[in-house]
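First comes the structure, then the notes that go with it.
Readers should treat all values here as calculations from the given coordinates under stated rules, not as data from a laboratory. All values reported here derive from a predicted model rather than from experimental measurement. All Cβ positions, glycine included, derive from the backbone under ideal geometry; neighbour counts span all protein chains shown.
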Amino acid sequence: MLTAEENERLTRIGPGTPMGGLMRLYWLPFYPGGALPADGQPKRVKILGEDLVAFRDSDGRPGLIANACPHRGAPLMFGRNEECGIRCVYHGWKFDVEGNILDMPAEPEGSRLKERVKAKTYPCVERNGVLWTYMGPEDTPPPLPEIEWNLVPEENVVVTFRVQECNWLQALEGEIDSAHAPILHSRIDNKGSINDWIAANDLRRTFKIERQPFGLSIASRRKLEDDRMYWRVNQFLLPFWTLVPPQSKFPELSGHAWVPIDDEHTLCLMFSYTPKEEFYPKSRVILEEGFKGRETGHASRSCYEDKPASTPYADFWTKFNPENGYHFDYAAQESTYFSGLPGLWVQDAACQSGVMPIYDRTMENLCVSDAGVASARRLLLETLDDYHNKHEPPLGAIQPDTFMARAVSVTLPSDSDWLTACTPYMKAQLGADFGYTP
Ligand code: FES
Ligand SMILES: [Fe+2]
């Protein structure tokens, strides 16, 4: 449970807020590069509550510019993207990707206004098909963070984006809390009565939390029939990253960046990758297209729903949303899905979005399995305090290799120390395999 003040401090991310200030110290992944062709339509986006437009100029350089034109505020989302700049359709002012004014067609020849006015822009960098921006206070941004999924060859990775209608912290907490997985994501086909099903599944896991240079390791332990222990270690990387360990049948790593669009919407960037080899072609098709008409952890190509160009991230909204109950089907609870919700990410999104976009955490009652969630909140609150009151830079904001971490799933003898046994596998090494059999 949080106080109302702590809840506000953790969830609000607009300009001038403590959490917004913290997030602005990090590079933020914000758009798939392939969805922004040179001289193509500028796309309205919102990042940390700021109204922006993404475009790519004729030379292929990505730009991120304030939506409000610095002349008299016409939306640059209507802009003409041509000849190495974006031109406002109101009076024709034209800007390059750095916000410099290239043209003011209605101004007298020799006007010096061009030299005095600049559009607000943020630096953009593209790596492995994903666009990143830095919205922080430094004139010279820190290096891009090294995170394994964005460094391995592109053919090793599947990346998808979607908009979720809730605050970023609800989405983040949903993936830190791994206790939900064997319940929310389960199927009950042919499993007898629901009480038999619950009895047959070991749902009471033991959790261990460890602070790390990147954030937190959240380990859960399950006892196997032969008395050995199955450990799964999820990672939380500041400020909004989660890493999920491989399943034995699908030896791939995955995770999310939960990038705040505004206080009530989150850009969910999901990545799945294989560290050493090309991503399994059949798995790629399943993740990109869904499995037998259902959503997997990734948003499938067919799940998107058209929105007007004026909607931020118009191309990444889905047909599963709070208004339609995420296609909840009560009858399916009898026959297939424990939850009656169709598909993996849909189940997560439905529960994370919950009953309000910013959940009132003064109303909750945390339990043993919320150890990871509680620790992540404590870490975030301490980080806010350290940065804003003691002027200490947060973990990983300036050291690019801090985030070279991996999630882990291993089976260990019952008397093994999980941290000692798992630590060697938690370090990501480019081109190296897991180092164990998932
Ligand atoms: S408002 Fe954009 S050029 Fe006038
Ligand atoms: Fe989940």
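Structural remarks
- For region 27-134, the pair-distance distribution built from all alpha carbon pairs, in bins 10 Å wide starting at 0, is 16, 51, 27, 6, 0 percent.
- Neighbour-count order for ARG56, ARG72, ARG406, fewest beta carbons within 10 angstrom listed first: ARG72, ARG406, ARG56
- Taking the number of Cβ atoms within 10 Å of each Cβ as an exposure proxy, the fewest-first ranking of PHE240, PHE30 is PHE240, PHE30.
- Within straight-line cross-link reach of LYS282, lysines at Cα separation under 18 Å, skipping those fewer than 8 residues along the same chain: LYS249, LYS292
- Straight-distance candidates among the lysines for linking to LYS118, with alpha-carbon spacing under 26 Å and chain neighbours fewer than 8 residues away dropped: LYS43, LYS46, LYS94.
- Across region 27-134, C-alpha contacts under 8 Å between residues 6 or more apart give a mean separation that, scaled by the residue count, equals a relative contact order of 27 percent.
- Within the same chain, aspartates and glutamates fewer than 8 places from LYS114 are excluded, and of the rest, those with a Cα less than 16 Å from its Cα are ASP96, GLU98, ASP103.
- Placing dummy labels 7 Å off each Cα toward the beta-carbon, the span from GLU5 to GLU392 is 2.1 nm.
- For the chain, the mean residue ellipticity at 222 nm estimated from helices alone is -5500 deg cm²/dmol, where every DSSP H run of n ≥ 4 contributes -39500 (n - 2.57) and the total is divided by all residues, rounded to the nearest 500.
- Averaging the Cα positions of each part gives two centres, and for region 344-415 and region 18-86 these lie 29 Å apart.
- D_trans [Stokes-Einstein, Kirkwood Rh over alpha-carbon pairs] for the chain, 25 °C, 0.890 mPa s, µm² s⁻¹: 106
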